[in-house]
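Structure first, commentary second.
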Amino acid sequence: MLDNTDMRILQELSKNSRLTMKELGEKVHLTGPAVSARVAKLEESGVIEGYTINVNQGKLGFLVHAFITIFTNSIFHQSYLSFIKTQEQYLINNYKISGDGCYLLECKFPSTEKMNEYLEKLNEHANYKLSIVINK
């Protein structure tokens, strides 16, 4: 069970995972070694699964951000899943979902032309509904 200090550690690391243990300790009123031990415990227990960065995809040339709801053609999803593995350069996330659709893809494309090529290939494996992000 997590206490208030653990929750504050998680909040601070969620805001900035590059904090030093000394800086983190100051924010949650612990010493560097004490907060380091707590962070290690959170990692070992699986509460903290990893650390990540946010990348501006537009600055990398991926100007189209889209969500694609996938409707597979049958109960066998292997064709779709195999296709997705060949298209990882466009894939941000692939979520298996309940409700409207079978999967929800979050994708990035350098242009609408590349997105259209992708969608034409995707349509060989599944039907889809496209939503393009206007603003984040």
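Computed values, structure above
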| read-out | value |
| --- | --- |
| Structure-derived Rg/Rh (Cα atoms, Kirkwood Rh): which label, when the choices are (1) 1.18; (2) 1.13; (3) 1.08 | (2) |
| Estimated inter-spin distance, E124 and L60, nm [label 7 Å along Cα→Cβ] | 2.6 nm |
| Point-charge dipole on Cβ atoms (K/R +1, D/E -1) for the chain, about Cα centre, debye to 20 | 260 debye |
| Mean accessible surface per residue for the chain, computed with a 1.4 Å probe while every protein chain stays in place, in Å² | 69 Å² |
| Computed [θ] at 222 nm, helices only, for the chain once each DSSP H run of length n ≥ 4 contributes -39500 (n - 2.57) | -11500 deg cm²/dmol |
| Label point distance in nm, T20-I75, each placed 7 Å from Cα along Cα→Cβ | 5.9 nm |
| Charge-dipole axis of the chain as Lys and Arg at +1 and Asp and Glu at -1 on Cβ define it, positive-most pick from I84, Y118, V133 | V133 |
| Cross-link pairs K108/K136; K85/K114; K15/K85; K15/K96; K59/K114; K27/K136 - those with Cα-Cα distance over 25 Å | K15/K85; K15/K96; K27/K136 |
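The values are calculated or read from the model by the stated rules, or taken from the named source; none is laboratory data. Being a predicted model, the structure only gives us computed values, none of them experimental. Cβ: placed from backbone, ideal geometry, glycine included. Neighbour counts: every protein chain shown. The accessibility values were calculated without ligands, DNA or RNA, using every heavy atom of the protein model including side chains. Shrake-Rupley method; radii C 1.70, N 1.55, O 1.52, S 1.80 Å.
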